[in-house]
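Input: a single structure, listed below in structure tokens.
The values are calculated or read from the model by the stated rules, or taken from the named source; none is laboratory data. Bear in mind the structure is a predicted one, so any value in this text is a computation, not a measurement. Heads up, the Cβs are rebuilt from the backbone with ideal geometry, glycines too, and the neighbour counts pull from every protein chain shown. In case anyone asks, the SASA skips ligands and DNA or RNA and just uses the protein heavy atoms, side chains included. Shrake-Rupley method; radii C 1.70, N 1.55, O 1.52, S 1.80 Å.
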Amino acid sequence: MNNEEQFTNLSTLLGKGRDCSLRLLWLLSVPIFLFLFAIAGYVKLINFHVEIHSVLMIGAIFVIYIFFMKHNAYYASCKLRRNYDEVQNNLIKYINKNLLSITGIQKANAPLDDFLHEEARKMRNENFSSIAAGIFPTLGNLGTCISIAISMPDFSAKTSQVLEEEISKLLGGVGTAFYVSIYGIFLSIWWIFFEKTGMSRFQKDANIIKEATHDYFWQKEEVEQTYFRKSMENFEKLNSVFDTFASGAFVENLNKALAQRMNIFEQII
């Protein structure tokens, strides 16, 4: 196969030229809302007390989330469809590169799963996507510890009134510091949900591609059946040869030939 016309139906099934910005907005929606909610609490726009150190820690985690966001499977699965033309050309090259002719039929003798996995790796960095779910809660706990350390007073007060104020400041700082951990845990849950959703879409598209290109790849069962059929044909040919050797006419002709050669040998002697 040397052209793209054979994949017209596949192109229709997958769709082309999709805009993936909406998926980025979905990934960004609730995390940025919670970050803005924390900022609103700090500037007292709403009745929600948040210290500046907690806002800064939440903002730092949010920036890191933005960096990881493009490697989420939910966004990458859309990129696979958006870049379908490139994927299609690579698939044609992959098939032509691995063509194998059996009984006059040419098909690719290579696993399609390897090709699909390689194309998926081009859409995102799997190393980043695999650690994202664990790194957000870790950053949340780290941010909480930093926030508590920042809000920790030195307890150098000499009067009970000042000491009470420092204790109140500590408790207030500790209370808002835990918002950072909550934010990190939420980002982990949010990431996992969309990651699993994207992986299911990846699998769905992979099944569509496998179904549409089934006739262009040698299947294990086809190769085994072809091998068995050729073996049976060779076995039948071998049986016919043995039948010829074992026939009476063949033995009689062989005896006559031997007798003639013996007579010639005796005449020579």
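Selection of the range 41-55 for residues being buried (at least 16 other Cβ atoms within 10 Å of the Cβ) and assigned to a helix (DSSP H, G or I) yields GLY41, TYR42, HIS53, SER54, VAL55. When you check PHE67 against the structure, is it open to solvent by 40 Å² or more (accessible area, probe 1.4 Å) and either under 30 Å from SER147 (Cα atoms) or free of Cβ contacts under 8 Å to residues at least 12 places away in the same chain (or both), yes or no? Yes: the conditions hold for PHE67. Go through the range 49-89 residue by residue and tally those that are closer than 20 Å to LEU36 by Cβ and charged (D, E, K, R). Number of matching residues: 1.
Residues in the range 72-111 that are outside any helix (DSSP H, G or I) and within 16 Å of PHE217 (Cα to Cα): 14 in all.
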